[in-house]
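Handing you a structure now.
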Amino acid sequence: MLFGIRWGSLRAKIIAWSFVPTAMILVAVALVTLYAYQQVTEDLVVERDRELIRLSAGQVTNQLFEHTATLADVARLLAVHQDDLAAQQAALREAHNRLLAFDGGVLVLDNRGRVVAAEPSRLEILGEDWSDRLYFRHILRASETVVSDIVPDGPGGAEVIVAAVPVMGDQGEFLGAVAGMFRLGAGALSVFYGDIIKLRIGGTGATYVVDGNGRVIYHTHLDLVGNDFSQQPVVQEALAGKVGAVRTRDFDGREIVAGFAPVPGTSWGLVAEESWAALNATSRGYRQFLLVLLALGVLLPALVVSVGVRRITGPIIALMDAAQEMAAGHFGRRITARTGDEVESLAEQFNFMAAQLDAMMRALEQRVVDLEHARAALRASRDQLQAILEGVADGIVAYSAGGEIVYANTEAARVMGYPSVEALVRTQTAEILRKFDLRDEAGRPFPLDRLPGRLARQGL
């Protein structure tokens with residue numbers, strides 16, 4: 001017996017047949033609901049991150065081109081002085097305050113790619129041929145604003161990002177380019193990085209921008225700037241021009257949702273990571289609430305089923321106890337079952353049967369008493385008859401219907417030559433008759449079947 005329940009009983013079977021399957025279904029529904037909720041949550045988070053990363057990539061482009069707009073203004077000033085190199089250098093110096101965002105400096109290239117001016121001054125590179133630079137070749141080919149990957153073109157060979165705009169003449173002829181440089185890894189001191197930080201891309205994880213070669217331009221953790229992330233699947237997706245979000249793991253093995261998108265107008269990619277645990281934090285309360293509901297869904301039905309089973313099996317157990325009492329000879333037990341169903345009908349039938357049996361047993365007991373009285377009277381009559389027969393001088397013998405001696409008095413035993421009445425009664429009738437030769441009045445043998453006693457037994 002476990003938990004007060006005899007598991008082979010009707011009560012246990014009712015619980016097993018009704019409540020246990022219900023509890024299993026409830027648990028299954030709860031698990032499916034929780035799984036579905038997690039799947040929906042993941043889908044919504046992934047979809048949200050996909051849209052956010054796409055919008056954020058556009059914002060990065062907008063921030064970049066706000067700075068290139070300043071370069072375009074300078075380019076228009078330089079175009080005015082296209083034939084006067086000194087005037088161009090002076091115009092560049094005058095625009096110094098407007099060009100502070102370019103912490104790596106600003107260069108002017110002529111239409112053949114030679115460095116003709118720099119602010120701040122970089123005398124060591126003046127006159128150098130930079131026509132092999134990819135950003136210059138792009139401007140030369142398309143005459144449009146371009147943002148480079150990481151290149152070692154900064155002061156002293158420092159790695160920088162170059163934003164370049166074309167210088168166009170009045171007739172639309174290509175006159176050269178103005179290239180502004182953002183230092184790499186300058187941190188919070190860089191206007192370029194400050195613009196990215198202000199976008200507040202991502203919340204609980206890392207955000208990073210990579211160039212077309214997969215090298216990190218910006219990272220929430222600045223010590224990773226310049227690292228090669230080209231082997232990261234999300235980086236490869238972003239550089240392939242795809243927009244999306246996936247659930248994956250970061251370098252530390254933590255579950256994250258990584259959104260990725262190309263940065264429009266550049267060869268760059270933007271990746272924003274968010275902790276899955278943080279995103280899923282709101283669902284923990286729901287899961288706890290669901291577990292509480294599940295517990296209530298199991299306990300409350302268990303309580304209701306237990307009470308119901310007691311109401312059902314209580315009268316049945318009472319019937320069993322009453323049946324055992326009846327088997328022991330007690331017929332006065334009656335059952336009360338106010339259930340309004342078959343159990344109540346069964347109790348009524350049991351009470352009717354018990355009443356009938358009680359009446360029958362009382363009648364039987366009375367008959368037994370009457371029979372005992374009759375037997376006592378018969379014994380008294382027999383004793384009186386025996387006293388009378390013993391006092392008779394003649395021998396008297398009584399036979400049964402089968403011819404056996406059932407009674408003989410003492411005189412009969414003496415006449416027949418037996419020492420006692422008991423010895424005479426134990427002797428077979430045929431053996432007794434062989435001791436005597438019976439003849440009639442004429443001296444002829446007398447047939448045994450003509451004896452008066454035998455004739456009387458035959459009704460003759």
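Inspect region 134-147 for any residue being in contact (Cβ under 8 Å) with a residue 24 or more places away in the chain, in the same structural domain as Arg114 (by TED's automatic domain parsing), surrounded by 18 or more Cβ atoms within 10 Å (Cβ to Cβ) and assigned to a strand (DSSP E or B) and give the result as yes or no.
Checked against the condition, which is being in contact (Cβ under 8 Å) with a residue 24 or more places away in the chain, in the same structural domain as Arg114 (by TED's automatic domain parsing), surrounded by 18 or more Cβ atoms within 10 Å (Cβ to Cβ) and assigned to a strand (DSSP E or B), region 134-147 yields at least one hit.
Also, quick follow-up: For Arg287, indicate whether it is farther than 26 Å from Val160 by Cα and either out of contact with any Phe, Trp or Tyr (no Cβ under 9 Å at 6 or more places or on another chain) or free of Cβ contacts under 8 Å to residues at least 60 places away in the same chain (or both).
In short, no.
Pairs under 7 Å by beta carbon, first residue in the same structural domain as Gln356 (by TED's automatic domain parsing) in region 314-340, partner of a type in the set (Ser, Thr, Tyr) and at pLDDT below 75, six or more apart or different chains?
Correct list of pairs: Pro315/Thr339.
Any residue in region 242-257 that is assigned by TED's automatic domain parsing to the domain that holds Val271 sitting within a Cβ distance under 9 Å of a residue that is assigned to a loop (DSSP other than H, G, I, E, B) and acidic (Asp, Glu)? List the pairs, counting only those 6 or more apart or interchain.
Listed by first residue and then by second, the contacts come to Ile256/Asp250.
Out of the residues in region 161-181 meeting the condition of being surrounded by fewer than 24 Cβ atoms within 10 Å (Cβ to Cβ) and of a type in the set (A, V, I, L, M, F, W, C), tell me which one is nearest to Leu109 (Cα to Cα).
Filtering first and then ranking leaves Leu175.
Continuing with the same structure: Kindly indicate the residue of region 419-437 that is at pLDDT 80 or above and among the hydroxyl-bearing types (Ser, Thr, Tyr) and also farthest from Glu404 (Cα to Cα) among those meeting that condition.
Selected residue: Ser420.
Further question on the same structure: Please count how many residues of region 92-113 are touching a strand residue (DSSP E or B) at 6+ places or on another chain (Cβ under 9 Å) and more than 17 Å from Phe136 (Cβ to Cβ).
Step one: filter region 92-113 for residues touching a strand residue (DSSP E or B) at 6+ places or on another chain (Cβ under 9 Å), giving 92-93, 95-96, 99, 101-113.
Keeping just the survivors that are more than 17 Å from Phe136 (Cβ to Cβ) gives 92-93, 95-96, 99, 101, 103.
Going through region 92-113 one residue at a time, the tally reaches 7.
Taking strands (runs of 3 or more DSSP E) that fall entirely within region 202-262, which contain at least 3 residues that are not hydroxyl-bearing (Ser, Thr, Tyr)?
216-219, 244-249, 255-262
Being in contact (Cβ under 8 Å) with a residue 40 or more places away in the chain and over 60 Å from the mean Cα position of the chain (by Cα) narrows it down to one of Val115, Val60, Val74, Val46, so name that one. It would help to see each step written out before you state the result.
Numbers: Val115 fails: in contact (Cβ under 8 Å) with a residue 40 or more places away in the chain; Val60 fails: over 60 Å from the mean Cα position of the chain (by Cα); Val46 fails: over 60 Å from the mean Cα position of the chain (by Cα).
Val74 is the lone residue from the list that is in contact (Cβ under 8 Å) with a residue 40 or more places away in the chain and over 60 Å from the mean Cα position of the chain (by Cα).
The values are calculated or read from the model by the stated rules, or taken from the named source; none is laboratory data. All values reported here derive from a predicted model rather than from experimental measurement. All Cβ positions, even for glycine, are placed from backbone atoms using ideal geometry, and neighbour counts span all protein chains on display.
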